[in-house]
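Q: First the structure, which I've put down as structure tokens, then a few questions once you've had a look.
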Amino acid sequence: MAKNFLLGYGEEFSSKIDRPEGGRGKEPVYTYEENKEHLIKQLSVLKGKIELVPDGAKSLGKVVSKLILHPAYLAKSYYPESLLKRFSLTDIGSKPVDVSPRRMLSKDKGEVTSSCIFVAGTEASLIQLQHALETDDLNATQKKDVVKIENIQLLEGIEKVKSTAEGAIKYEAVLHTPIDDRALVINQFKSYAQSCGSVISSSNIINAGGLSFLSITCDEDTIEKVSEFTLLRAIRVMPQLGIHKPVVTRELVSDQVVNLPTEAAIDTNIKVAIFDGGIGTDSIDKWCKEHTFSSSSTASEYLHHGSEVTSLVLFGNVQEGQKELPRPYANVQHYRVIDPSLDPSDIDSLDVLARIIDVLEREKFDFINLSLGPRLPIEDDEVHSWTSAIEPFLSDGNTLLTVAVGNDGNQSSPQKSRVQVPSDLVNALAVGASNNDEDDFWGPADYSCIGPGRSPGVVKPDVVAFGGSSHDMVRIYSPLTKLLTHNAGTSFASPLVLRAAIGTKVMLPDDQPTLLAKALLIHNTNRNGYHWHHVGWGKTPSDIDKILYTEDNEATIIYKDVVPQSGCKRLLIPMPDIALKGQITLKATFCYATQTLPEHPIHYTNSGLVVKFKPKGADSAAEGFFTNKKMYGDEIELRANAHKWENTIHNETIRKPSDLSDPCFEIDHQEREGGNRTTGAPPLPFILVVSIKASGSSDLYNAIVQKHQVLQPLRTKVEIPILT
């Protein structure tokens, strides 16, 4: 292929613009008079149920109610802040719920997704609210808040129990722990749970956002009592934890000998971490350092898995007939986080997670791979401990984590086949498996877990890569046996994507951010006609050249920019002076990192972008380049404008040359905290990758470079054979 470099400094074509005026407010769905009567009745029922809650279960002397908003009032501008503040009701979290409203302004019928806000308050506060409704002792703003509420109900214990099992076993308890009262709430829960007959079985407590996760041991009868604790959000059977086991029997290959490279890694400044089952050999010490947490010997199964995952990051998938392994892009720190010292018959996922968090709190990495985790499908209404705890380490965009989605994609139901924790990390790349490594002739592996993810983060897996099948397995150099081995699973697809990301970062100029590697991988995916539930944005290229270079009839422009707090920008797309011929393919990918709130799954991401496309200049009519329908089709029900809170969006469109004249994107930076507005949010760094391809214009690249000399080719730093 031609080797035209990516074009950098697209941000020179960006400019600040004024934020457009907001739309008109909504017509009320209910009148104040009719809704107050409805809520008075519900508060009377709620009061009766509160009297049945044991006093010892009322953490901080409070109960938690479910304040369910009407679906018409999900936007942050409709948050009922005044009403909550007046009656000292504290928003401690939220989740999506399906409701059947008593009335709808739209044509929607039946159940619609809305927001359930968990509000903590004293019984006295709720009585005061009821009295104020009965006497109309509310100001105008508070009355407007009243009409937004569909229901108010007690959060009952039975709703918090996600799963149970026979006998006394370990459960994961999730607590709402406001930061100022965290230690007190945890101690109150421990005391209450022990009074119910439970045993607090681990000293490791994972705190993330406004949540705390801890392990307790109890039986089914005790669970019912424990669930009454008012600041308990959820309790579930502790999920099975371990490596994502291969889906085929490992095979050694004796008829092909490969030699290790003799050179050091290309870039020794890049820091890479792998959390897995260990290495167990010094054969790759030149490029890998192993860290352990105990002196215990470990299982060979863990060592095979950990060493093979690490080999794929260092050397890639070995090709048929290949004799020399390529020089690694970077060195690797391997952390053996799972071993028999944790008692393999009863591994507590929180203990393993605590080891990972301990490392991440001490060390900063550019790249991380996880091919292990809880064997637990993600849920729409809860964010798991692994996702909650790891996400903050990725939220500045300086660290890219790849995570295997799991090997249960062929289970009996879509939910059981769904991507597994923590592949719902919105700031990570969740990796599924393809059944071969051809870029044009491949399909999703039948074992690879499927989407959708939770919204935000609905496209999961993000990408797929070669994970192998029983007919075409991944060929891996085994550091343990010093031979080739055949294997298959998403565990082996994930490190291949990480290797491609590291290679992209290594080959580009030093001033290019890690986030660009993520954006370029997604930008160059190919869905090959498969549904996004199965392949996400698509398969990443097997040849890194396809990421770093373009053909003569195509130009790829990189925008590395920042949008101010609550600010707007216009991003012009540089076009050539020549008359374009044939079909024009315009492809664009926006990517940014964001802070998250695990206690608010429905409002998980704090930052969003509203993106408009104007094909004929700044004064032309705007089009939705990135809309739910265009990106996801009609078969998924998403809230209107939900895509603006997705921190990675990608799409392409085919146009006639006459359709484009000074095209541009306009972006509007949105901020929130939970479902409410926020102030003081920092500016948002983002990456935009735009590709313009003209089927009948072989000189497109040169024409753009000649006209727009501010664009600079991002020349690759190292010329070496790229083997992935």
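The values are calculated or read from the model by the stated rules, or taken from the named source; none is laboratory data. None of these values were measured; they are calculated from a predicted model. Ideal geometry is used to build each Cβ from the backbone, glycine not excepted, and the neighbour counts take in all protein chains shown.
Q: What about LEU723, is it surrounded by 15 or more Cβ atoms within 10 Å (Cβ to Cβ), at pLDDT 90 or above and not small (Gly, Ala, Ser)?
A: It is false that LEU723 is surrounded by 15 or more Cβ atoms within 10 Å (Cβ to Cβ), at pLDDT 90 or above and not small (Gly, Ala, Ser).
Q: Do we have HIS70 as within 22 Å of SER114 (Cβ to Cβ), surrounded by 19 or more Cβ atoms within 10 Å (Cβ to Cβ) and assigned by TED's automatic domain parsing to the domain that holds LYS144 here?
A: Yes.
Q: Further question: Looking at LEU521, is it hydrophobic (A, V, I, L, M, F, W, C) and either touching a strand residue (DSSP E or B) at 6+ places or on another chain (Cβ under 7 Å) or modelled with pLDDT of 95 or more (or both)?
A: Yes; evaluated as a whole, the condition is true for this residue.
Q: Oh, and also: Going by the structure shown, is GLY93 in a helix (DSSP H, G or I) and either touching a residue at least 60 places away in the same chain (Cβ under 8 Å) or surrounded by 13 or more Cβ atoms within 10 Å (Cβ to Cβ) (or both)?
A: So GLY93 fails the test.
Q: Of everything in segment 680-706 that's in contact with a Ser or Thr (Cβ under 8 Å, 6 or more places away or on another chain) and either part of a loop (DSSP other than H, G, I, E, B) or on the phi > 0 side of the Ramachandran plot (or both), which residue is modelled with the highest pLDDT?
A: Checked segment 680-706; the qualifying residue modelled with the highest pLDDT is SER695.
Q: Being on the phi < 0 side of the Ramachandran plot and part of a strand (DSSP E or B) is the requirement here; does GLN709 meet it?
A: no
Q: Of all residues being under 13 Å from LEU586 (Cα atoms) and assigned to a strand (DSSP E or B) in segment 652-671, which is nearest to the chain's Cα centre (by Cα)? Just the residue, please.
A: Taking the candidates together, the pick is GLU652.
Listed here are the residues, each with its yes/no results for (1) hydrophobic (A, V, I, L, M, F, W, C); (2) out of contact with any strand residue (DSSP E or B) (no Cβ under 6 Å at 6 or more places or on another chain); (3) touching a residue at least 40 places away in the same chain (Cβ under 8 Å).
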{"site": "PRO374", "(1), (2), (3)": "no, no, yes"}
{"site": "ILE390", "(1), (2), (3)": "yes, yes, no"}
{"site": "GLY397", "(1), (2), (3)": "no, yes, yes"}
{"site": "ARG418", "(1), (2), (3)": "no, no, yes"}
{"site": "ASN436", "(1), (2), (3)": "no, yes, no"}
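Q: Is there a residue in segment 599-608 that is closer than 30 Å to HIS176 by Cα, in a strand (DSSP E or B), touching a Leu at 6+ places or on another chain (Cβ under 6 Å) and not aromatic (Phe, Trp, Tyr)?
A: yes
Q: Read through the list (1) more than 28 Å from the chain's Cα centre (by Cα); (2) surrounded by fewer than 19 Cβ atoms within 10 Å (Cβ to Cβ); (3) of a type in the set (A, V, I, L, M), then give the number of the only condition that ILE179 fails.
A: Condition not satisfied by ILE179: (1).
Q: Follow-up. Being touching a Phe, Trp or Tyr at 6+ places or on another chain (Cβ under 9 Å) and either charged (D, E, K, R) or surrounded by fewer than 18 Cβ atoms within 10 Å (Cβ to Cβ) (or both) is the filter here, so list the residues in segment 294-312 that pass it.
A: Result: GLU308, single match.
Q: Take ILE206 and decide whether it is closer than 30 Å to VAL53 by Cα, aliphatic (A, V, I, L, M), in contact with a helix residue (DSSP H, G or I) (Cβ under 7 Å, 6 or more places away or on another chain) and at pLDDT 85 or above.
A: The answer is yes for ILE206.
Q: Ok, one more. Can you name the residue in segment 194-228 that is assigned to a strand (DSSP E or B) and hydroxyl-bearing (Ser, Thr, Tyr) and is also nearest to VAL63 (Cα to Cα) among such residues?
A: Among them, the one singled out is SER212.
Q: Condition first: farther than 30 Å from GLY680 by Cβ, modelled with pLDDT of 95 or more and in a helix (DSSP H, G or I). Can you find one or more residues in segment 471-490 that meet it?
A: Within segment 471-490, one or more residues are farther than 30 Å from GLY680 by Cβ, modelled with pLDDT of 95 or more and in a helix (DSSP H, G or I).
Q: Could you identify the single residue in PRO657, PRO683 that is farther than 24 Å from VAL562 by Cβ, surrounded by fewer than 21 Cβ atoms within 10 Å (Cβ to Cβ) and not assigned by TED's automatic domain parsing to the domain that holds ASP462?
A: Testing whether each residue is farther than 24 Å from VAL562 by Cβ, surrounded by fewer than 21 Cβ atoms within 10 Å (Cβ to Cβ) and not assigned by TED's automatic domain parsing to the domain that holds ASP462 leaves just PRO657.
Q: Among the residues of segment 34-50, are any in a loop (DSSP other than H, G, I, E, B) and of a type outside the set (S, T, N, Q)?
A: No, segment 34-50 contains no residue that is in a loop (DSSP other than H, G, I, E, B) and of a type outside the set (S, T, N, Q).
Q: Within segment 452-466, can one find any residue that is in a loop (DSSP other than H, G, I, E, B), more than 20 Å from the chain's Cα centre (by Cα) and buried (at least 24 other Cβ atoms within 10 Å of the Cβ)?
A: no
Q: In the set LEU129, LEU105, which member is in contact (Cβ under 8 Å) with a residue 60 or more places away in the chain and part of a helix (DSSP H, G or I)?
A: LEU129
Q: Could you list, in sequence order, the residues of segment 544-574 that are part of a loop (DSSP other than H, G, I, E, B) and either closer than 30 Å to ALA465 by Cα or at pLDDT below 95 (or both)?
A: ILE544, GLU551, ASP552, ASN553, PRO564, GLN565, SER566, GLY567
Q: Before we move on, is GLU554 surrounded by fewer than 24 Cβ atoms within 10 Å (Cβ to Cβ), over 23 Å from the mean Cα position of the chain (by Cα), within 26 Å of VAL497 (Cβ to Cβ) and among the acidic types (Asp, Glu)?
A: yes
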